[in-house]
Amino acid sequence: MLLLGGLATISSFALAAFDLYLIIGLIASAIICLIYACYIGAVEQLRRVRPDYPRPFRSGVPTPLRRATMVLMPLIGIASLVSMPDLARPIAVGVAGIALLVAVLTGYSERLRDEPRGRADPRREAA
């Protein structure tokens, strides 16, 4: 917990010292647009593959509008990234850094998933 708090403090000072608010905001808005499009795509896939699967809520938005939103949201995210040409280089570095972090964490997660967890129960081995 102390490590997380310390990292949050250091990152907030770095944001203030290097005036990175706008860059982080643009990258975050693009990520949010992509996540929202993926969410809509997952809902569409669920509707197509398992139409009778119980869902806790249903959307009243017509299907063509949902699909158009699914296509437009990543485009809006890309538009936010290129909306300020003078920040193109820092934004590209930020996006590349985030992509590298995601790749590393994905590899780490897959390694953890493939490793056996815990010790074997000696009572089960004896049986």
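Given the DSSP H assignment, sum -39500 (n - 2.57) over each helix run of at least 4 residues in the chain and divide by its residue total; what's the result at 222 nm in deg cm²/dmol, nearest 500?
-26000 deg cm²/dmol
How large is the dipole of the chain about the Cα centre if only Lys and Arg carry +1 and Asp and Glu carry -1, each at its Cβ, rounded to the nearest 20 debye? Don't skip to the end; give the middle numbers.
Values: 14 positive and 9 negative charges, 131 e Å.
Roughly 620 debye for the chain.
For the range 1-64, what is the accessible area per residue in Å², given a 1.4 Å probe and the full set of protein chains? Write out the running numbers ahead of the final one.
Working: 5000 Å² over 64 residues.
Using a 1.4 Å probe on heavy atoms only, each residue of the range 1-64 averages 78 Å².
For the residues 16, 99, 42, a GNM of the chain with alpha-carbon springs under 10 Å puts the largest fluctuation on 16. Take every pair of alpha-carbon atoms less than 8 Å apart whose residues are at least six positions apart; their mean separation over the length of the chain yields a relative contact order of 32 percent. Give me log10 I(q)/I(0) at q = 0.18, 0.20, 0.24, 0.33 Å⁻¹ for the range 74-115, Debye formula, one equal scatterer per alpha-carbon, no solvent. One equal scatterer on each Cα of the range 74-115 leads to -0.62, -0.68, -0.79, -1.02. With distances taken between every two different alpha-carbon atoms, the chain has a Kirkwood hydrodynamic radius of 18.8 Å.
Element breakdown for the range 11-90 at a 1.4 angstrom probe: carbon and sulfur atoms account for 73% of the accessible area.
I need the calculated FRET efficiency for the pair residue 3 and residue 79, taking r as the beta carbon distance and R₀ as 30 Å, to the nearest 0.05. Intermediate values should be presented prior to the final figure.
On the way: r = 37 Å, r/R0 = 1.22.
Given R0 = 30 Å and the Cβ-Cβ separation, E is 0.25.
The values are calculated or read from the model by the stated rules, or taken from the named source; none is laboratory data. This structure is a prediction, so every number in the text was calculated from the model and none was measured. With ideal geometry, Cβ positions are generated from the backbone for all residues, glycine too; neighbour counts draw on all protein chains shown. These accessible areas exclude ligands, DNA and RNA; they are computed on the full protein's heavy atoms, side chains included. Shrake-Rupley method; radii C 1.70, N 1.55, O 1.52, S 1.80 Å.
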